[in-house]
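Trainee: My questions will all concern the structure given below.
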Amino acid sequence: MHNVYREIASWLEPLGVNVRIDAVGNFRALYPRDRKSDPRLLIGSHLDTVPNAGRYDGILGVVIAAALIEAWHGEKLPYAVELIGFSDEEGARFGVPFIGSRALVGRVDDDLLNSQDAAGTSAEQAIENFGLHPADIPDAGLHANVCGYLEFHVEQGPVLEQLALPLAAVEAIAGQTRMKFAFRGRANHAGTTPMHLRADAVAAAAEWITIVEKEANAHPEMVATVGSVIASPGAANVIAKEARVSLDVRHRTDDVRVGAVEKLTEQAKQICSRRRLSLNYSTLLNQPAVAMDPFLIEQIEIAIGASGCKPYRMVSGAGHDAMIMAEKVPAAMIFLRTPGGISHDPAEAVLAEDVAKAIECGMHLLHQLASEADFLKGTPRA
Ligand SMILES: [Zn+2]
């Protein structure tokens, strides 16, 4: 067993859990071990991370789940808890995110298994190299008695810190569009070509990028980013013939996001025609927003209030395993304040008192759900 699994197992096994590693490497611990046929609440997050990462993204949610099982130990609740540590959420190795949670909802397909890492190793081969059997992946699927999924996670942004709040209920995970644009003009000498006779690709892209920022500012809660600009030939004394730029637009409402993306595409065309350039573009990702379960959001707010904190609802701009789990079961998330709003960086931090509040909130939530018979009877959605 890999070190991280062994470590978590060593905390949980004395409490009486059934630990297994499923066929895509998810850590799964059922508590109590003998309650396989009871309604089952899943609590977890991911164990993997990104290169040069912080210490809390993902793993904090797994540790909080373990703390809840520990705190609950000795009490009797009318359901079992399955702690899940997802094996691959970030997609850092194979470029495909959510391998762990996709196995639970039955969406590990050949495309995913054939995707390769930088060294040319396929995901399928990596699974075998890890001592697991890809043929067993269907056994990783959701148990029929699962009534819901909860995930504690660092916010990874500055919103809660700015509001001076330790916790929030996540009401939706924003939809996302990713596109690439190529503005194509004509290369020429930077010294001899008068301004009015140029077809400058970088100047055209720059004009458009400021419009991207304005468009995002015009819609509450929209974020839009041009994170990559590549000019070619890329020399100080040559007018650029091409500027390739990326676009990332996120919003909770799909119509608003799609409308903004259409408008931005139209603006890029207009800029190019006015400046006598051509435009090429393609869409890489068009991912709808995912709503979290309204009943669980309400229960989380009650639990946050019972912990002495002010309830707050927010949208997650980042993707999480919860949005994959929401395809099949009621799912919801609890965010913890992120000092400085810094994540995916070694400076990522949490406040110990916020973690204590999260565990307190989790305990209230587990007790509240114990008296919700309809919720516990829930079956996976088709
Ligand atoms: Zn994460």
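The values are calculated or read from the model by the stated rules, or taken from the named source; none is laboratory data. What you see is a predicted model; the values in this text were computed from it and never measured. Don't worry about glycine lacking a Cβ; one is built from the backbone with ideal geometry, like all the others, and counts go over all protein chains shown. For accessibility, only protein heavy atoms count, side chains too; no ligands or nucleic acids. Shrake-Rupley method; radii C 1.70, N 1.55, O 1.52, S 1.80 Å.
Trainee: Hand me the list of helices (runs of 4 or more DSSP H) wholly inside region 1-118 holding 1 or more residues that are open to solvent by 20 Å² or more (accessible area, probe 1.4 Å) and either of a type in the set (K, R) or within 16 Å of the ligand (Cβ to nearest atom) (or both). Before you say what the answer is, go through the steps one by one.
Mentor: Values: elements: 3-12, 59-72, 99-104, 110-114.
Result: 3-12, 59-72, 99-104.
Trainee: Something else now. So the check is Cβ under 6 Å with 6+ separation or different chains; which pairs have a first residue in region 151-167 that's open to solvent by 10 Å² or more (accessible area, probe 1.4 Å) and a second one that's assigned to a loop (DSSP other than H, G, I, E, B) and β-branched (V, I, T)?
Mentor: Note: pairs meeting the criteria are E155/T338; Q156/T338.
Trainee: Do we find that E215 is in contact with a Gly (Cβ under 7 Å, 6 or more places away or on another chain), surrounded by 14 or more Cβ atoms within 10 Å (Cβ to Cβ) and acidic (D, E) in this structure?
Mentor: No.
Trainee: Among the residues of region 161-200, count how many are among the aliphatic types (A, V, I, L, M), more than 30 Å from A356 (Cβ to Cβ) and in contact with a Ser or Thr (Cβ under 8 Å, 6 or more places away or on another chain).
Mentor: Total meeting the criteria: 1.
Trainee: Is it the case that D321 is within 16 Å of the ligand (Cβ to nearest atom) and either polar (S, T, N, Q) or surrounded by 16 or more Cβ atoms within 10 Å (Cβ to Cβ) (or both)?
Mentor: Yes: the conditions hold for D321.
Trainee: I would also like to ask the following. Report, by residue number, each residue of region 219-244 that is hydrophobic (A, V, I, L, M, F, W, C) and open to solvent by 70 Å² or more (accessible area, probe 1.4 Å).
Mentor: V223, V229, I230, A236 - these are the residues of region 219-244 that are hydrophobic (A, V, I, L, M, F, W, C) and open to solvent by 70 Å² or more (accessible area, probe 1.4 Å).
Trainee: Can you confirm whether A358 is assigned by TED's automatic domain parsing to the domain that holds V226, in a helix (DSSP H, G or I), touching a helix residue (DSSP H, G or I) at 6+ places or on another chain (Cβ under 9 Å) and surrounded by 18 or more Cβ atoms within 10 Å (Cβ to Cβ)? Before you say what the answer is, go through the steps one by one.
Mentor: Working: assigned by TED's automatic domain parsing to the domain that holds V226: no; in a helix (DSSP H, G or I): yes; touching a helix residue (DSSP H, G or I) at 6+ places or on another chain (Cβ under 9 Å): yes; surrounded by 18 or more Cβ atoms within 10 Å (Cβ to Cβ): yes.
Answer is no for this residue.
Trainee: Against the definition (assigned to a helix (DSSP H, G or I), touching a strand residue (DSSP E or B) at 6+ places or on another chain (Cβ under 9 Å) and more than 21 Å from E171 (Cα to Cα)), how does A206 come out, yes or no?
Mentor: Criteria met by A206.
Trainee: Moving on to the next point. Within region 110-131, can one find any residue that is closer than 30 Å to F375 by Cα and touching a residue at least 60 places away in the same chain (Cβ under 8 Å)? Show your work before the answer.
Mentor: Going residue by residue through region 110-131, those that are closer than 30 Å to F375 by Cα are none.
So far as region 110-131 goes, no, none of its residues is closer than 30 Å to F375 by Cα and touching a residue at least 60 places away in the same chain (Cβ under 8 Å).
Trainee: If you check H133 against the conditions, is it over 23 Å from the mean Cα position of the chain (by Cα), at pLDDT 95 or above and not assigned by TED's automatic domain parsing to the domain that holds P233?
Mentor: In short, yes.
Trainee: Which of the following residues is in contact with an Asp or Glu (Cβ under 8 Å, 6 or more places away or on another chain) and either modelled with pLDDT of 95 or more or not assigned by TED's automatic domain parsing to the domain that holds A268 (or both): T210, T225, T192?
Mentor: Criteria check complete, one pass: T225.
Trainee: Something else now. If you scan region 141-173, which residues turn out to be in a helix (DSSP H, G or I) and in contact with a strand residue (DSSP E or B) (Cβ under 8 Å, 6 or more places away or on another chain)? Lay out the reasoning, then the answer.
Mentor: Of the residues in region 141-173, the ones in a helix (DSSP H, G or I) are 159-163.
V159, L160, listed by residue number.
Trainee: Evaluate the following for G106: is it without any contact (Cβ under 8 Å) to a residue 24 or more places away in the chain and out of contact with any Phe, Trp or Tyr (no Cβ under 7 Å at 6 or more places or on another chain)?
Mentor: Working: without any contact (Cβ under 8 Å) to a residue 24 or more places away in the chain: no; out of contact with any Phe, Trp or Tyr (no Cβ under 7 Å at 6 or more places or on another chain): yes.
Considered against the rule, which asks whether it is without any contact (Cβ under 8 Å) to a residue 24 or more places away in the chain and out of contact with any Phe, Trp or Tyr (no Cβ under 7 Å at 6 or more places or on another chain), G106 comes out as no.
Trainee: Could you please give the count of residues in region 289-315 that are in a loop (DSSP other than H, G, I, E, B), of a type outside the set (A, V, I, L, M) and either crowded, with 16+ Cβ neighbours inside 10 Å or outside the structural domain of L369 (by TED's automatic domain parsing) (or both)?
Mentor: Here the count works out to 5.
Trainee: So which residues in region 43-74 are touching a strand residue (DSSP E or B) at 6+ places or on another chain (Cβ under 6 Å) and among the hydroxyl-bearing types (S, T, Y), if there are any at all?
Mentor: Scanning region 43-74 gives S45, Y56.
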